[in-house]
Amino acid sequence: MKHSKELEKNGHMCRGMYGVDVMVNQNFEPKLLEFTFSPDCKRACLFNPDFFNDVFGCMFLNQERNVIKV
């Protein structure tokens, strides 16, 4: 990922957070159930109280704490 200053200079500062619901069948094949913009993050915050801090750090500060690269 490019450094945030370089992205800002080039006008690439748009960010978005999406929610994806996936089901895995008995053969361990993923099936996409739902894809949403502006997901409800209540459950994520219950399991990880720093959820929004981690998301903000990843999206705007290029921090990789609690990030899994795919």
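Brief remarks on what is shown
- Qualifying positions in the range 14-30 - outside any strand (DSSP E or B) and not hydrophobic (A, V, I, L, M, F, W, C): Arg15, Gly16, Asn25, Gln26, Asn27, Glu29
- Any hit, the range 31-40, residues being in contact with a strand residue (DSSP E or B) (Cβ under 6 Å, 6 or more places away or on another chain), assigned to a loop (DSSP other than H, G, I, E, B) and modelled with pLDDT under 90: yes
- Scan of the range 41-70 for residues that are within 12 Å of the chain's Cα centre (by Cα), exposed (fewer than 13 other Cβ atoms within 10 Å of the Cβ) and closer than 21 Å to Asp21 by Cα, ordered by number: Val67, Ile68, Lys69, Val70
- Of all residues in the range 13-38, those that are closer than 26 Å to Asn62 by Cα have Cβ atoms under 6 Å from Cβ atoms of residues that are open to solvent by less than 90 Å² (accessible area, probe 1.4 Å) and hydroxyl-bearing (Ser, Thr, Tyr), 6 or more apart or on another chain, in Gly19/Thr36.
- Under the condition of being open to solvent by 100 Å² or more (accessible area, probe 1.4 Å) and not hydrophobic (A, V, I, L, M, F, W, C), the residues counted in the range 28-40 number 1.
The values are calculated or read from the model by the stated rules, or taken from the named source; none is laboratory data. Not measured: the values here are computed from a predicted model. FYI the Cβ positions are ideal-geometry reconstructions off the backbone, even for glycines, and counts take in every protein chain you see. Only protein heavy atoms, including side chains, enter the accessible area calculation; ligands, DNA and RNA are left aside. Shrake-Rupley method; radii C 1.70, N 1.55, O 1.52, S 1.80 Å.
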